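Chemist: Here it is: the structure, laid out below.
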Amino acid sequence: MLPLKTFLTVLVTGALATSGVAATAAPAVPTTVVLDGTKLVQTKAALLAGDKTLKAALANLLKQADPELTTGPWTVTAKTQLPPSGNKYDYLSLAPYYWPTKPKTPDNPLGCPYENRDGERNPDTDAIPDKAGRLSAFTAIYQLTLAWYYTGDARYASRAALDLRTWFLDPATKMNPNLDFAQGIPCQTDGRGIGIIEFSYAFTQVLDSAAILSTGAPGWTATDTNGLKKWSTDFLGWLRTSKNGKEEAAQTNNHGTFYDMMCAAIALYTGKSSTAKDIVDKAKKSRLDKQIAADGSQPQEATRTRSYHYHTFNLVAMTRLAAVGNHVGVDLWKYKTPKGGTLFKAVDFLLPTATGGLSHWPYEEIAFHQYAALDSVHAAADAGDAKAKAALPKVPL
């Protein structure tokens, strides 16, 4: 069997020759934290060789990435409402499911006190742009980076680098590495641990993007890499020592899973692989044992008004945590809980609904999106789940 580096050299050199492009060196395998760097190289080779399915996928990616060449960049300093710290560089957001219970008057301009309406999003939260800006920035960074990686077009890399530097590195615009004021509730609390989840879903995509750009993207330098690793190191320190961070770590539902996933990914990105391995390994008992029933259902997510959404949402965190585990030698897919639950069963539990619609779902769901299971079904199929692989063509895009 050929060594990996030799195999990839042969693979990509052959693809480049087929496409008429000269190949002079082995491709650098991105040191990603969730994505599989080797598969990225293999996919790029197959694309260069003319794979029709991948060419169609690339066309769809470019439809998303092209508008990002002229939108943004985004920054936390764009907001007009300051956080309680008075520091515009601190991230600020409000709890999405909390609503005023009183009319807004001069004496009570916010309508306090606030009450929770699970699953019902308060549009007033849109008045503070940090949350939407963060999502736009992180999405653009990911799409632009992948567009550069698969096309070699320097425009995509340069724009992704600009977006990264604006949000994380430029002294005039960069965010402070904390989430002290995420998901505050007016008249009640300035910020909460569960607000950390606003970063958890997409920040690993930022780290993977930076790893891909570090393979030689124009506009992204070693200084940029070191700066982002320093920011990420400081952020990880805040996550693991702050009051909000400790509160989120103690959550036993999807919040706790996403917290572990993000911390493990950041640890791996910043060179703390033993810390990442420890987080993933402990998640067997602290997350999977407590969250996956024998039939694959997730009892803590089943009580929500958007129970299908939260089943799929939590599985995104679990499967990405398993992907981090693949990088550090911990296999979450093979782990079986004392009750007999597994990640495979958790994904398979979704398949009737993911392929057949809401009528197959046994719990309450007030805002159904059938495609929400797609990422986890893909992950399970890649990990060897025959049921998930067979279901993939039937899950809406």
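The values are calculated or read from the model by the stated rules, or taken from the named source; none is laboratory data. These figures come from a predicted structure and were not determined experimentally. Cβ placement follows ideal geometry from the backbone for every residue including glycine, while neighbour counts extend to all protein chains displayed. Surface accessibility is based on the protein's heavy atoms, side chains included, excluding ligands, DNA and RNA. Shrake-Rupley method; radii C 1.70, N 1.55, O 1.52, S 1.80 Å.
Chemist: Hand me the list of strands (runs of 3 or more DSSP E) wholly inside the range 40-138 holding 1 or more residues that are modelled with pLDDT of 95 or more.
Modeler: Working: elements: 92-94, 98-100, 114-116.
Filter on the range 40-138 gives 92-94.
Chemist: So, one more: Does any residue in the range 50-77 that is in contact (Cβ under 8 Å) with a residue 40 or more places away in the chain come within less than 7 Å, Cβ to Cβ, of a residue that is open to solvent by 50 Å² or more (accessible area, probe 1.4 Å) and among the hydroxyl-bearing types (Ser, Thr, Tyr) six or more places away or on a different chain, and which pairs are these?
Modeler: Close Cβ pairs satisfying both conditions: Val76/Tyr89; Thr77/Tyr89.
Chemist: Among the residues in the range 187-207, are any in a loop (DSSP other than H, G, I, E, B), open to solvent by 30 Å² or more (accessible area, probe 1.4 Å), more than 30 Å from Gly111 (Cα to Cα) and touching a residue at least 40 places away in the same chain (Cβ under 8 Å)? Can you show your working first?
Modeler: Of the residues in the range 187-207, the ones in a loop (DSSP other than H, G, I, E, B) are 187-188, 190-192.
Checking the rest, the ones that are also open to solvent by 30 Å² or more (accessible area, probe 1.4 Å) come to 187-188, 190, 192.
Now restrict to residues that are more than 30 Å from Gly111 (Cα to Cα): none.
Looking through the range 187-207, none of the residues is in a loop (DSSP other than H, G, I, E, B), open to solvent by 30 Å² or more (accessible area, probe 1.4 Å), more than 30 Å from Gly111 (Cα to Cα) and touching a residue at least 40 places away in the same chain (Cβ under 8 Å).
Chemist: Moving on. Report, by residue number, each residue of the range 310-342 that is within 30 Å of Arg121 (Cα to Cα) and either among the hydroxyl-bearing types (Ser, Thr, Tyr) or in contact with a strand residue (DSSP E or B) (Cβ under 7 Å, 6 or more places away or on another chain) (or both). Step through it out loud before you land on a result.
Modeler: Looking only at the range 310-342, we keep the residues that are within 30 Å of Arg121 (Cα to Cα), and these are 310-321.
Tyr310, Thr312, Thr319, listed by residue number.
Chemist: Let me ask something else about it. Name the single residue, out of those in the range 153-168 being open to solvent by 10 Å² or more (accessible area, probe 1.4 Å) and in contact with a Lys or Arg (Cβ under 9 Å, 6 or more places away or on another chain), that is farthest from Ala210 (Cα to Cα).
Modeler: Looking at residues that are open to solvent by 10 Å² or more (accessible area, probe 1.4 Å) and in contact with a Lys or Arg (Cβ under 9 Å, 6 or more places away or on another chain), I get Thr166.
Chemist: Taking Ala210 as meeting all but one of (1) out of contact with any Leu (no Cβ under 7 Å at 6 or more places or on another chain); (2) in a helix (DSSP H, G or I), write down the number of the exception.
Modeler: That leaves (1) as the condition not met.
Chemist: Looking only at the range 110-127, decide whether some residue is closer than 18 Å to Leu228 by Cβ, in contact with a Phe, Trp or Tyr (Cβ under 7 Å, 6 or more places away or on another chain) and touching a residue at least 60 places away in the same chain (Cβ under 8 Å).
Modeler: No: zero hits.
Chemist: Also, I was wondering about something else. Just wondering, is there one or more residues in the range 237-247 that are of a type in the set (A, V, I, L, M, F, W, C), crowded, with 23+ Cβ neighbours inside 10 Å and over 19 Å from the mean Cα position of the chain (by Cα)?
Modeler: no
Chemist: Another question, if that's okay. When you look at Thr342, is it in contact with a Phe, Trp or Tyr (Cβ under 8 Å, 6 or more places away or on another chain), open to solvent by less than 50 Å² (accessible area, probe 1.4 Å) and among the hydroxyl-bearing types (Ser, Thr, Tyr), yes or no?
Modeler: In short, yes.
Chemist: From the list Thr355, Thr312, pick out the single residue that is of a type in the set (S, T, N, Q), in contact with a helix residue (DSSP H, G or I) (Cβ under 7 Å, 6 or more places away or on another chain) and open to solvent by 10 Å² or more (accessible area, probe 1.4 Å).
Modeler: Answer to the check: Thr355.
Chemist: Output the qualifying pairs, or none if there are none: Cβ atoms under 9 angstrom, residues six or more apart or on different chains, first residue in the range 291-307 and in contact (Cβ under 8 Å) with a residue 60 or more places away in the chain and basic (Lys, Arg), second residue open to solvent by less than 30 Å² (accessible area, probe 1.4 Å) and assigned to a helix (DSSP H, G or I).
Modeler: Once the first residue is in contact (Cβ under 8 Å) with a residue 60 or more places away in the chain and basic (Lys, Arg) and sits in the range 291-307, its partners that are open to solvent by less than 30 Å² (accessible area, probe 1.4 Å) and assigned to a helix (DSSP H, G or I) give Arg304/Tyr310; Arg304/His311.
Chemist: Can I ask one more? Identify, by number, the condition in (1) more than 18 Å from Gly72 (Cβ to Cβ); (2) assigned to a loop (DSSP other than H, G, I, E, B); (3) not aliphatic (A, V, I, L, M) that Thr223 doesn't meet.
Modeler: (2)
Chemist: Within the range 322-331, is even one residue among the charged types (D, E, K, R), within 23 Å of the chain's Cα centre (by Cα) and surrounded by 21 or more Cβ atoms within 10 Å (Cβ to Cβ)?
Modeler: No, the range 322-331 contains no residue that is among the charged types (D, E, K, R), within 23 Å of the chain's Cα centre (by Cα) and surrounded by 21 or more Cβ atoms within 10 Å (Cβ to Cβ).
Chemist: Right, something else. Mind listing whichever residues of the range 100-134 are over 30 Å from Thr166 (Cβ atoms), within 33 Å of the chain's Cα centre (by Cα) and open to solvent by less than 60 Å² (accessible area, probe 1.4 Å)?
Modeler: Pro100, Tyr114, Asp118, Gly119
Chemist: Also, quick follow-up: If you scan the range 136-152, which residues turn out to be open to solvent by 40 Å² or more (accessible area, probe 1.4 Å) and either out of contact with any helix residue (DSSP H, G or I) (no Cβ under 7 Å at 6 or more places or on another chain) or among the β-branched types (Val, Ile, Thr) (or both)?
Modeler: Here is the first cut: in the range 136-152, the residues open to solvent by 40 Å² or more (accessible area, probe 1.4 Å) are 136, 139, 142, 150-152.
Within the range 136-152, Ser136, Thr139, Thr151, Gly152 meet the criteria.
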